[in-house]
Amino acid sequence: MRFLTVSGPPSSGKTSVILRVIEALQARQKRIGVVKFDCLLTEDDQRYAKKGVLVKKGLSGALCPDHYFVSNIEACVTWGHENDCEYLISESAGLCNRCSPHIQEITAICVIDNLSGTNTPRKIGPMLKSADIVVITKGDIVSQAEREVFASRVKQVNPGAVIMHVNGITGQGAFELTSLFEKASDIETLKGRKLRFSMPAALCSYCLGETRIGEEYQTGNVRKMDME
Amino acid sequence: MNYDDLLQTSMRELLAQHPYIEDFLTSFGLQVTPVERTLQAYLDDLDPDTLEDLGVDAEQLRDGLREFIDGMLALADPMERVQSLTILGGRDKSGRGEDLELTLRPGEVTCIVGPTGSGKSRLLADIEWVAQGDTPTGRRILINDEVPDGKWRFSTEYKLVAQLSQNMNFVMDLSAEEFVTMHAESRLVDEPEQKVALILERANQLAGETFLPDTPVTSLSGGQSRALMIADMAILSKSPIVLIDEIENAGIDRKKALELLVREEKIVLMATHDPILALMGDRRLVVQNGGIAKVIVSSRAERKNLATLEALDNRLLALRNRIRLGETLEEV
């Protein structure tokens, strides 16, 4: 089973891009599974189900979404394997810009859109900076010059990545992206694998449900701003 | 000059000569100062905890910097000249073969015609992807009569195709001059000020109504935006091929626009159903059922009719202007 992690900021077009790739893979008679991670609510699982792919939804609720991801992804891969998927795609949003679901030796894709502003690539951490493939979306609504400037900013923070322009609505570029999905590594389990980058830590009183504000309520891993 | 040489160079000299290195390091949230220490020493001294906070590790940073510098040095090199682009036929949606071997050269304008869904976009995508029999059409694309290097597919420095789409909005809040300058800087061109001035001058020659360097891009009219983008593409873009999705007949001199691209030695491909633009092209590819069904070379008789069509067009334009000036059209 080929397994890939797809991540990107909210509303960057991850689901649409994945759906266009799924169409191309289905044309090649492939059996596909998707795991959709989100925090509070998602209806994207229905969009996937409508395409006839096997879908699993994971909502992290009151937990840090990326910690939730890493605690569940191994079981998801086993689930995909047991259901005879030839491709398994995980989709998760990077919500704090410092987290990243990417795993060593597993093809990592980051989806980012042209409308998000030219400083955005700098602001996104390992999710973008350690991805193998960066998919840039919404190219049809900006000018060629803006597309070039945006791509050069992405290149600046991740010079080794393959940068592709894909239109999630028309599907332009999806065929080409699919050819890269076909090169993803074939795995049976994630046992023993490592994340590409550590996740941001917390472990303080607020992690345990504290809501009161004030020095005396803060325990554990707490860091202070420099107010000088 | 390569990465290893740069490692032994002082930060002071590096930042002065290769300012993009500062952009690279600061984009990871690192601080840089122009000191006598070498780049090597700078990288060795980075604190692992700081790096972890910034979401990057030392090895990844070094690898990235190496690739980035290689890319930037490649960008400064003149690009290998594309003297020809050859399309070798594949098959249409019913699997019928396209009997075709078509070579396009710089300075030529090729129009692509056919109804919606006939496969125009796929044809343009085959060219952009430099298809090698690995797309649904089975077409193959040669550059300079050879099977091209993989760099044309994946590298941003060697992007084969620049595309002017039909919808065009600017999302950046910049003046026309700042906007083009930003683009020029990202392409590391020589003498950016001169190039920017030239682009603004050419754009104003194409646009029906002139605009100033400090006009915000978001307040340009449709015609002015297209004029600016065509001038920018002609002068700034390194891509040897230009794809245009129709040039609407409003607020832009389409003939001059095409002439500008041709003069800058671009291979121009244009999806259009406008009779004047179609006749300005050297040939038309008729796309049907996913395949190129026919190649029409504009005949002398057609070219002769171009003058008649232009006269008609000018009459309509004159009427447009009268409407704009608040006149009535009781007599036309």
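The values are calculated or read from the model by the stated rules, or taken from the named source; none is laboratory data. What you see is a predicted model, and the numbers here were worked out from it, not measured in a lab. Cβ sites come from the backbone with ideal geometry, for glycine too, and all protein chains shown count toward neighbours.
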Can you spot a residue in the range B:220-227 that is over 17 Å from the mean Cα position of the chain (by Cα), away from chain A (no Cβ under 13 Å) and over 30 Å from A:Ala174 (Cβ atoms)? yes
Close pairs from the range A:186-214: first within 14 Å of another protein chain (Cβ to nearest Cβ), partner basic (Lys, Arg) and assigned to a loop (DSSP other than H, G, I, E, B), Cβ under 7 Å, at least 6 apart: A:Pro200/A:Arg98
Of residues in the range B:166-186 being polar (S, T, N, Q) and either within 10 Å of another protein chain (Cβ to nearest Cβ) or in a helix (DSSP H, G or I) (or both), the one surrounded by the fewest Cβ atoms within 10 Å (Cβ to Cβ): B:Asn167
With the condition kept exactly as written, say whether any residue in the range B:222-240 is within 18 Å of B:Asp282 (Cβ to Cβ) and not small (Gly, Ala, Ser). yes
Whether any residue in the range A:217-225 is within 14 Å of chain B (Cβ to nearest Cβ), of a type in the set (A, V, I, L, M) and exposed (fewer than 15 other Cβ atoms within 10 Å of the Cβ) is what I want to check. yes
Identity of the residue in the range B:238-262, farther than 24 Å from B:Met182 by Cα and assigned to a loop (DSSP other than H, G, I, E, B), that ends up modelled with the highest pLDDT: B:Asp253
Unmet criterion (only one of (1) facing another protein chain (nearest Cβ under 7 Å); (2) more than 19 Å from B:Ile241 (Cβ to Cβ)) for B:Gln163: (2)
Being in contact (Cβ under 8 Å) with a residue 24 or more places away in the chain and part of a helix (DSSP H, G or I) is the filter here; which residues of the range B:289-316 pass it? B:Arg303, B:Asn305, B:Leu306, B:Leu309, B:Glu310, B:Asp313
Name the residues in the range B:47-57 that are part of a helix (DSSP H, G or I), out of contact with any helix residue (DSSP H, G or I) (no Cβ under 9 Å at 6 or more places or on another chain) and over 25 Å from A:Arg153 (Cβ atoms), would you? B:Asp49
In the range B:74-108, which residues are more than 18 Å from B:Trp152 (Cβ to Cβ) and touching a helix residue (DSSP H, G or I) at 6+ places or on another chain (Cβ under 9 Å)? B:Gly90, B:Gly107, B:Glu108
In the range B:228-243, anything facing another protein chain (nearest Cβ under 10 Å) and more than 14 Å from A:Ser143 (Cα to Cα) is listed as B:Lys238, B:Ser239
Tell me the residue from B:Leu54, B:Leu73, B:Leu124, B:Leu100 that is within 13 Å of another protein chain (Cβ to nearest Cβ), farther than 26 Å from B:Leu164 by Cα and either under 20 Å from the mean Cα position of the chain (by Cα) or modelled with pLDDT of 85 or more (or both), please. B:Leu54
Among the residues in the range B:292-306, are any in the same structural domain as B:Ser94 (by TED's automatic domain parsing) and under 21 Å from B:Val161 (Cα atoms)? yes
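Can you name every residue in the range B:205-237 that is without any contact (Cβ under 8 Å) to a residue 40 or more places away in the chain and part of a helix (DSSP H, G or I)?
Looking only at the range B:205-237, we keep the residues that are without any contact (Cβ under 8 Å) to a residue 40 or more places away in the chain, and these are B:210-214, B:219, B:221, B:223-224, B:227, B:231, B:234.
Passing the criteria: B:Ser219, B:Gly223, B:Gln224, B:Ala227, B:Ala231, B:Ala234.
Can A:Val135 be described as β-branched (Val, Ile, Thr), buried (at least 16 other Cβ atoms within 10 Å of the Cβ) and under 12 Å from the mean Cα position of the chain (by Cα)?
Working: β-branched (Val, Ile, Thr): yes; buried (at least 16 other Cβ atoms within 10 Å of the Cβ): yes; under 12 Å from the mean Cα position of the chain (by Cα): yes.
Answer is yes for this residue.
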Go through the range B:258-282 and give me each residue that's within 14 Å of chain A (Cβ to nearest Cβ) and in contact with a Lys or Arg (Cβ under 8 Å, 6 or more places away or on another chain). B:Ala271
Working only within the range B:15-46, note down all residues that are touching a residue at least 40 places away in the same chain (Cβ under 8 Å) and either loosely packed, with under 13 Cβ neighbours inside 10 Å or part of a loop (DSSP other than H, G, I, E, B) (or both). B:His18
Listing of strands (runs of 3 or more DSSP E) fully contained in the range A:92-185 that carry 2 or more residues being within 9 Å of chain B (Cβ to nearest Cβ): A:162-165
Restricting the search to the range A:128-175, which residues are within 19 Å of B:Tyr20 (Cβ to Cβ) and acidic (Asp, Glu)? A:Glu148
Do we find that B:Glu265 is closer than 20 Å to B:Glu128 by Cβ and either charged (D, E, K, R) or assigned to a loop (DSSP other than H, G, I, E, B) (or both) in this structure? yes
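Residues are listed down the side, and each one gets a yes or a no for (1) surrounded by 19 or more Cβ atoms within 10 Å (Cβ to Cβ); (2) under 26 Å from B:Asp63 (Cβ atoms); (3) in contact with an Asp or Glu (Cβ under 8 Å, 6 or more places away or on another chain):
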{"position": "A:Leu19", "(1), (2), (3)": "yes, no, no"}
{"position": "A:Lys36", "(1), (2), (3)": "yes, no, yes"}
{"position": "A:Asp66", "(1), (2), (3)": "yes, yes, no"}
{"position": "A:Glu86", "(1), (2), (3)": "no, no, no"}
{"position": "A:Asn97", "(1), (2), (3)": "no, yes, no"}
In this structure, is A:Leu25 at pLDDT below 95 and part of a loop (DSSP other than H, G, I, E, B)? no
